[in-house]
Amino acid sequence: MILLVAFAFLAGVITVLSPCILPILPIILTSSIGGQNIGKSRPMGVVIGFVLSFTFFTLFLSTIVRLSGISADTLRLVSVFVIAGFGVSLLIPKFQVLVERLFSRLAGFMPSSQNRTGFSGGLLIGLSVGLLWTPCVGPILASVISLAITGSVTFDAFLITLSYSLGTAIPMFLIMLGGQNALSRVPWLLANLGNIQKLFGVLMILTAIGIFFNIDRKFQTFVLTTFPQYGAGLTKFEDNELIKNQLQKKSGTEVKKEDMGKPMFDLNQPKGPKAPEIIPGGVWFNLPAGKTGSDPLTLAELKGKVVIIDFWTYSCINCQRTMPYLKKWWETYKDKGLVIIGVHSPEFEFEKSGKNLAKAIKDFKLPYPIVQDNNFDTWKAYNNRFWPAKYIIDKEGFIRYTHFGEGAYDETEKVIQDLLKEIGAKDVSSKINNPTYQVQTKTPEIYLGYGRIDNFVSPENIKKDTLGTYTTPVNLGNNQFAYTGAWNIMEEYANPQKGAKLVLDFESKEVFLVMRSKNTPAAVKVYLDDKLQDSITIDADRLYKLINLQTPGRHILRLEFEDNNIELYAFTFG
């Protein structure tokens, strides 16, 4: 643990050399001037505010958004207005007087000290910067952020994040002190302090406007495109076996993404143990009459019935192909003692949204009860690893049959009939004839985020959680893909910038891609073997069908992006 804290601190110090510091550099420089006799108090306020804000929001932003309903974009907008307000105060003397009076009153709640206005003003700037800043993180902080997203914040994670922010704050403080020293020691600068203050006010306002319109991200893209080696290797010192081993120990109890997936083959098990109870806490949908979210279904009360526990996630094409069979079994056997419970364990972060899930349930016309399993509590209780996965439970609560993946629909329905007969159900021996969807692909599922990326052949090393520039080789091997242009590659998804491309070699009949738009609807141009096939509008967080051929075959798919508003998660094939 001490090693991770030390490396996190060093990573924070080195951040001052990275391209990620450039968009907030004007704010840091401007924070060293303004007001009367601010001395070291405002820079100190900035760094303390930054440390507190960055540590807090890194660890708890996902939780805040989930509990309060206030979006991260709204919090970001408030910070932008704070930064712009300080810029205006540097331009307009009367407004600056009002701001200083405000902070004098706020400072009254703080312990008595000199230059409280400068400190409290700097504190507010630092709090805003901590929320606005997206750092160039290495594997240590990236692992902490991934834990924070799932709500698994520990004291160790707090220490690592605090150490990183302290390391970053030191060069920030030195930059501000250097600016102050230059102003005080150069006569010309001192004589023109009023004009310099106004210039910095304009700079601060322009910076706030740039952040509001995401120009800061575009500026990073320009820097990385023009100087592709700038900042390269700054996080390399974290990428060693010692650090990797430490991180694995810290995350050993987590659900491992690499162990989760959608099998392209059928897996069956014999009669299993007592079925674990559904872990409470998730939101329920389609509860029967008389049931509420505070009194949901339990396996204990369903004893005497046959229960199917279906683990699924709504953007999974394999799960979607099983839905017609589940709906058919529900309609055929629900009055004879069958209960189906869908356990929605989301593969991607956007699938945790109750609104998105409710829309998917409506779109797919799923009639049976479904419970959210956002923290994978029920998933882990069943030691499950696949989407889709079906566990059929008998009248005594024992798991009598399991099936992972698609297929075996006739066999599954025969099990349902046999178990219903055990509870005395009549007329359940109807003829079984379930047509099976034939998967016609030789290309496995392909994930586009670095957490589970495979078959990626761009020659450049992946820059995790930050912008990087990539190229596509002349020739792709079977089932390989590459990026071209500027991309943000995150753990779960890849975010192309304007003009970026993705090229994929595949062999199948159908190609699907999980995508979402970040803000407004966006378009993706789809090329097959260099011929334009379609332009698809991305207006929801879901699975999109890109290609549907008459017969399966090997082809080259190319996607082109006209803005930076899309997140790409995973390809599936059929």
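Bear in mind these aren't lab numbers, they're just calculated from the coordinates by the rules spelled out. These numbers were taken from a predicted model, which means no experiment stands behind them. Positions of Cβ are backbone-derived with ideal geometry, glycine not excepted, and every protein chain shown enters the neighbour counts.
Could you calculate the FRET efficiency of K274 with D539 from 1/(1 + (r/R0)^6), where r is the beta carbon distance between them and R0 is 60 Å, rounded to 0.05?
0.85
Apply the Karplus curve 6.51 cos²θ - 1.76 cosθ + 1.60, θ = phi - 60°, to the phi angles in region 319-325 and return the couplings in whole Hz, x for Gly and Pro.
5, 4, 6, 8, 4, x, 6
So how far apart, in nm, are the two label points at F398 and Y527 if each is 7 Å from Cα heading toward Cβ?
So the two model labels end up 6.0 nm from each other.
Taking just the alpha carbons, could you work out the radius of gyration and Dmax for region 257-422, both in angstroms?
14.6, 41
I'd like the antiparallel share, as a percent to the nearest 5, of DSSP beta bridges with both residues in region 257-422. The partial results should precede the final answer.
Working: 17 of 28 bridges.
Rounded to the nearest five, the antiparallel share is 60 percent.
Across bins of 5 angstrom width beginning at 0, how are the C-alpha pair distances of region 324-453 distributed, in whole percent?
Going out from 0 Å in 5 Å bins, region 324-453 shows 2, 8, 16, 19, 20, 16, 11, 5, 2, 1, 0 percent.
For L546, enumerate residues with amide H under 5 Å from its amide H, sequence gap 5+ or separate chain, H modeled in the peptide plane.
Result for L546 returns V511, F512, L513.
Taking H as built 1.01 Å from N, whose amide H comes closer than 5 Å to the amide H of A523, not counting residues under 5 places away?
The answer is I538, E562.
For the pairs K327/K545; K303/K336; K365/K421; K352/K525; K336/K414; K463/K498, flag any whose C-alpha to C-alpha distance is greater than 24 Å.
Beyond 24 Å between Cα atoms: K365/K421; K352/K525.
Mind listing the long-range amide H neighbours of A275? Cut-off is under 5 Å, sequence gap 5 or more, other chains count too, H placed in the peptide plane at 1.01 Å from N.
Sorted by chain and number, the residues that satisfy this are F398, I399.
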